[in-house]
1. Relative contact order for chain B using alpha-carbon pairs under 8 Å, separation at least 6, rounded to a whole percent?
2. Report the label-to-label distance for A:ASP29 and A:TYR54 in nanometres (one decimal), using points 7 Å from each Cα along the Cα→Cβ vector.
3. Would you check the accessible area of B:HIS73, probe 1.4 Å, heavy atoms only, in square angstrom rounded to 10?
4. A:GLY97's amide H: which non-local residues (gap 5+, or another chain) put their own amide H closer than 5 Å, with H modeled 1.01 Å from N in plane and none for Pro or chain starts?
5. Rounded to the nearest whole Å², what accessible area per residue is found for chain B with the 1.4 Å probe?
6. May I ask you to evaluate 6.51 cos²θ - 1.76 cosθ + 1.60, the Karplus curve with θ = phi - 60°, for each residue of region B:3-15 and list the ³J(HN,Hα) values in order in whole Hz, giving x for glycine and proline?
7. Which distance in Å, rounded to a whole number, links the C-alpha centroids of region A:39-60 and region B:44-111?
8. Could you give the nm distance between label points at B:VAL60 and A:ALA81, where each point is 7 Å from its Cα heading toward the beta carbon?
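The values are calculated or read from the model by the stated rules, or taken from the named source; none is laboratory data. These numbers come from a predicted model, not from an experiment. In this analysis, Cβ positions are derived from the backbone assuming ideal geometry, glycine residues included, and neighbour counts consider all displayed protein chains. What goes into the accessible areas is simple: the full protein's heavy atoms, side chains included, and nothing from ligands, DNA or RNA. Shrake-Rupley method; radii C 1.70, N 1.55, O 1.52, S 1.80 Å.
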Amino acid sequence: AQKITQTQPGMFVQEKEAVTLDCTYDTSDPSYGLFWYKQPSSGEMIFLIYQGSYDQQNATEGRYSLNFQKARKSANLVISASQLGDSAMYFCAMREGATGGYQKVTFGTGTKLQVIP
Amino acid sequence: DTAVSQTPKYLVTQMGNDKSIKCEQNLGHDTMYWYKQDSKKFLKIMFSYNNKELIINETVPNRFSPKSPDKAHLNLHINSLELGDSAVYFCASSQAAGPQHFGDGTRLSIL
């Protein structure tokens, strides 16, 4: 079974609109973390936002927010007020296992977001 | 002041050669990783070291050998390069449950 599933290979959004990128995960570990990364065409991997499995509130970082629905095992990324510079590949990732050394991080297949002027 | 730096940025070489990629982090993180990103952008973990100790070794051909001289460095040596090794290789580091910080990647092209 896929650990991280991103069902949208590509998405379009109008500039200044909000967009939601989907991510579902599968784990039996009670302690895990969920991450979103952005990879622009220049190739670097940029950390955006983190949600821990025990966090009570949804994470937010500027225009990024994570819609965490634990029972549904989903961790969707919401980007508000899209900008042209948001055009990039977005990866959802999950860390399983206790902290302190042994952590395996699995990445989804990514969603390519294109912002239309 | 680069957090995770890897060299070289580009590596073009012939099949059968041996090459190394170096990685250094100045974040004081305990854990370092090597990932391979294929042409379809799929990121797969290869190795992970925690305080110089190998903790994750995925199904990777033994032509790939990581080496961590100290917790700030994790190098990757590849023997007998094959066409299928062409990819972007990313080094990353993290501390405890925190996010991974990535280097800019090394684009390896095998001729």
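1. Details: 277 pairs, mean separation 41.5, N = 111.
Value for chain B: 37 percent.
2. 1.5
3. Spelled out: B:HIS73, probe radius 1.4 Å, area about 50 Å².
4. A:SER31
5. 49
6. Once rounded to whole Hz, the list reads 7, 10, 10, 10, 9, x, 7, 10, 9, 10, 8, 9, 4.
7. Region A:39-60 and region B:44-111 have Cα centres spaced 22 Å from each other.
8. Placing both labels 7 Å beyond Cα along the Cβ direction yields 4.2 nm.
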